[in-house]
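Each remark here refers to the structure printed beneath this line.
Read-outs: derived from the displayed coordinates by stated rules, not from any lab. Since this is a predicted model, take the numbers as computed values, not measurements. Glycine also receives a Cβ, built like all others from the backbone with ideal geometry; neighbour counts cover every protein chain displayed.
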Amino acid sequence: AEFNNATSDRVLGFADVSKVCMLQSYHQNAEQLEITFNKAKFDALPDKMKAIITNAVEAASQDMQWKAIDRYSQDYIELQTKDNVKFYKTPDSVLQKQLDVYDDVVKRKAAENPLMKEIVESQLVFAKRATRWEQDTVVSRKMAFDHYWGPNAKKPI
């Protein structure tokens, strides 16, 4: 079982329900913190107050991200070591099926709703650009992980 992340899974007691957790999926492969405001109220604020709120929201979002990485990685280990949960990577065949089913649903829904079609088309343009950039510029951490913790690892210190 998996709700969203290792911390939520532990808090919700998922380890008592299932000892198997499938990792990696397109159904929810990222998360973010949302802080919402009433647009009219926000727009009515003085520019200095808007700037303070904007910076505070960005800082809170990044703070949440750093703390989440710390919590999730600790709870991931505890789910394995204390709760005896086994983790498995979702097979590529299942991931491909997720994409195929998503495409079918979006095609049908976009045909019914022009606004949805416009939004999805915009998302696809952004995702193509952002994902290409990410794949070209973000190095895989596997080599570094294996270098420090793999079977032939040499400790730097």
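Working out 0.36 nm times the residue gap between Ala60 and Arg132, then minus their Cα-Cα distance, what length gain in nm do you get to one decimal? Mind dumping the intermediate values first?
Details: separation 72, 0.36 × 72 = 25.92 nm, distance 2.78 nm.
Going from the current span to full extension adds 23.1 nm.
Given charges of +1 on the Cβ of Lys and Arg and -1 on the Cβ of Asp and Glu, with all other atoms neutral, how large is the dipole of the chain about its Cα centre, in debye to the nearest 20?
On the way: 23 positive and 23 negative charges, 60 e Å.
It comes to approximately 280 debye.
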In whole Å, largest first, what are the principal axis extents of the Cα atoms in the chain? 57, 44, 38
Unit charges on C-beta of K, R, D, E only; dipole of region 91-157, Debye: 320 debye
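With all distinct Cα pairs included, what does the Kirkwood hydrodynamic radius of region 66-149 come out to in Å, to one decimal, could you say? Show your work: numbers first, answer last.
On the way: mean 1/r = 0.0592 Å⁻¹.
Evaluated on region 66-149, it is 16.9 Å.
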So for the chain, averaging the separation of alpha carbon pairs under 8 Å that are six or more residues apart and normalising by length, what relative contact order in percent results? 27 percent
Farthest towards the positive end of the dipole of the chain, among Ala144, Pro46, Met22 and with Cβ unit charges of +1 on Lys and Arg and -1 on Asp and Glu, lies the Cα of Ala144
Helix 47-81 sits at what angle to the longest principal axis of the chain, using alpha carbons and giving 0 to 90 degrees rounded to 10? 20 degrees
Multiply the residue gap between Ser18 and Ile53 by 0.36 nm, knock off their C-alpha separation, and tell me the result in nm, one decimal place. 8.4 nm
